[in-house]
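The values are calculated or read from the model by the stated rules, or taken from the named source; none is laboratory data. From a predicted model like this one, the values you see are computed outputs, not experimental measurements. Methodologically, a virtual Cβ is constructed for each residue, glycine included, from the backbone with ideal geometry; neighbour enumeration extends over all protein chains shown.
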Amino acid sequence: MNHEDSPKKRKTVKIHLQPKPAAPRHPYVVARAVALPNPVHSSQKKRSCFVFPMVQVTVASFLGIMTLDFGECSHVVAYAALGYLGGLLMMAPRRYALTATDEMLIRWGFIILFFVSSLISAIIWPLRMRGM
């Protein structure tokens, strides 16, 4: 055909292709999909971040009670423990969605409060002694 032939003389030829055959399979293999529940985190068990601070409070309380300084050291530990307990109670409503800062404060908050309460007790204790 040349360009002078009219389009009416042209015919469209439809070609039917066979579908591509599937890959050969072994006759004894059965393919099954097994869903694994997040395999990356299954080997890592999340540790409780409350064990270490409870040991801190227990040891500090025991040592504070044993110190013979008219109760000043035990007052420091008591102030720190009460402040720490207050912080834990404020975090309790969102205990399932703790941030990294919350976990750091749970782990080391008692130590921080111990130093702060020792400074506050150094101011309060002499004022209490004057009143006696």
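Is one or more of the residues making up segment 3-19 exposed (fewer than 10 other Cβ atoms within 10 Å of the Cβ), β-branched (Val, Ile, Thr) and at pLDDT 85 or above? Within segment 3-19, one or more residues are exposed (fewer than 10 other Cβ atoms within 10 Å of the Cβ), β-branched (Val, Ile, Thr) and at pLDDT 85 or above.
When segment 66-85 is limited to residues that are within 17 Å of Met129 (Cβ to Cβ) and part of a helix (DSSP H, G or I), the one that is modelled with the lowest pLDDT turns out to be Glu72. Among the residues making up segment 86-103, those that are exposed (fewer than 12 other Cβ atoms within 10 Å of the Cβ) and assigned to a helix (DSSP H, G or I) are Gly86, Leu89, Met90, Ala92, Pro93, Arg94, Ala100, Thr101.
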